[in-house]
1. Assuming a ≥ b ≥ c are the square roots of the Cα gyration tensor eigenvalues, decide whether the stretch 67-353 counts as rounded (a/c under 1.5), prolate (otherwise, with a/b larger than b/c) or oblate.
2. Using only Cα atoms, find the angle between the long axis of helix 170-181 and the longest principal axis of the chain, and express it within 0 to 90 degrees, rounded to the nearest 10.
3. In a GNM of the chain with a 10 Å cut-off on Cα contacts, which of G267, G21, G343 has the highest mean-square fluctuation?
4. Per residue, how much accessible area does the chain show when a 1.4 Å probe rolls over the protein heavy atoms, in square angstrom?
5. Using +1 at the Cβ of each Lys and Arg and -1 at the Cβ of each Asp and Glu in the stretch 67-353, identify which of F82, M204, F94 lies farthest towards the dipole's positive end.
6. Which angle between 0 and 90 degrees, to the nearest 10, do you get for helix 272-281 versus the longest principal axis of the chain when only C-alpha atoms count?
7. Report, to the nearest 10°, how far helix 201-210 tilts away from the longest principal axis of the Cα atoms in the chain, using its own Cα long axis and a range of 0 to 90°.
8. So, with +1 on the Cβ of K and R and -1 on the Cβ of D and E, and no other charges, what is the size of the charge dipole of the chain about its Cα centre, to the nearest 20 debye?
Amino acid sequence: MTANLLDFDAEGLTAWFAQQGEKPFRARQVLRWIHQRGEGDFNAMTDIAKSLREKLPALAAVSPPPTVSDKLSDDGTRKFLFDVGNHNAVETVFIPEDDRGTLCVSSQAGCALECAFCSTGRQGFNRNLNTAEIIGQLWQANRALGFQPGGERIISNVVLMGMGEPLANFDNLLPALRLMLDDNAYGLSRRRVTVSTSGIVPAMDRLSESCPVALAVSLHAATDGLRDKLVPINRKYPLAELMAACQRYLVHAPRDFITFEYVMLDGINDSDADARALLHLVRDVPCKFNLIPFNPFPDSGFHRSPAERVRRFAAILISGGIVTTTRKTRGDDIDAACGQLAGKVQDKSRRLMRKPPTTTAGVEFQL
Ligand code: SAH
Ligand code: SF4
């Protein structure tokens, strides 16, 4: 069986080359060709001994998930759809801003966590992406976007905020994160790589120990009662445990704050009292808030909070001393906004058979 070299971080590639009787510097050379220069053809790797170049194609390949579609939004946001086999496809979104270019990467085909307001969660779950499929999204997007005239990469930041829960796929995620940080690969600083989690507490601790990058936690509610409904993983890891895990994370984190994401759902979690309860909840966690106006999808049963409500909510957090930003909705003309990523998922969790999609919030939310 040929190896897919996108599956390996530096250590893995060195071990693989050693198995072929090759020296570690060969692995480093090939790593650079693949990730720094986006090269997938061994023959084009001109500074590698010809004998090795001739031997490699029989043993290995560079196989990213193939691009199914590539759409450009009016605001410059670009959405890629990648085929990950067996009729599953995942989405990756590039968001250009004045001072940076952010790639939003998927970690799973679907998601098993069933957050009530999330289109990916609604679709069910098929499987974890492997390392090659995670880093392959960055590899493909880098090739599509190219370099700036000065030789700088267009993609300066990566966020694991696409489809899936990254910390539920820890073992495959870790080598991909290491490649993002590796100077022989993408060379991004830890502050420019952000993992977003719905709050899988033991995996937050593992990440802090093995590869501390910037962390965003999807909070969405100030009380366990509401969060149990909106983010069901809260029943396993309730708010007090989550807050303690955030404090532990900060010991090794590259930034001295946690980013809390908070989707603004009209009439559900957006009252003044909710904002004040949040101030109390996070009193011991250095943090920033990122408010995300809810992005609708068919039959979601939720509505976006009015802009004035979001402003008032933000004002209460800010007056409590918390830096608060409101996320601009980007790319919604191509369904690329947060929570709208759907890709294509062959649900294995049989969720849709267990629970048909709700058409009104009232069905699922008796608040
Ligand atoms: N599974 C991870 C990362 C992917 S979701 C997590 O939950 O953190 C990225 C962000 O988009 C999360 O904060 C998520 O709660 C938010 N989100 C999900 N659905 C949304 C929607 N319909 N509108 C706005 N934000 C949404
Ligand atoms: Fe999964 Fe995140 Fe969506 Fe929740 S919000 S269902 S954890 S992708």
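The values are calculated or read from the model by the stated rules, or taken from the named source; none is laboratory data. Please read all numbers here as calculations on a predicted model, not as lab measurements. We place every Cβ from the backbone using ideal geometry, glycine too, and count neighbours over all the protein chains shown. Keep in mind that these areas ignore ligands, DNA and RNA; they rest on the heavy atoms of the full protein, side chains included. Shrake-Rupley method; radii C 1.70, N 1.55, O 1.52, S 1.80 Å.
1. Values: a/c = 1.38, a/b = 1.26, b/c = 1.09.
Since a/c stays below 1.5, the shape of the stretch 67-353 is classed as rounded.
2. Helix 170-181 and the main axis of the chain meet at about 70 degrees.
3. G21
4. Values: 16030 Å² over 367 residues.
Accessible area per residue, the chain: 44 Å².
5. The listed residue farthest towards the positive side: M204.
6. Helix 272-281 and the main axis of the chain meet at about 60 degrees.
7. Taking the Cα atoms of the chain, the angle to 201-210 is about 40 degrees.
8. Working: 43 positive and 42 negative charges, 60 e Å.
Computed charge dipole of the chain: roughly 280 debye.
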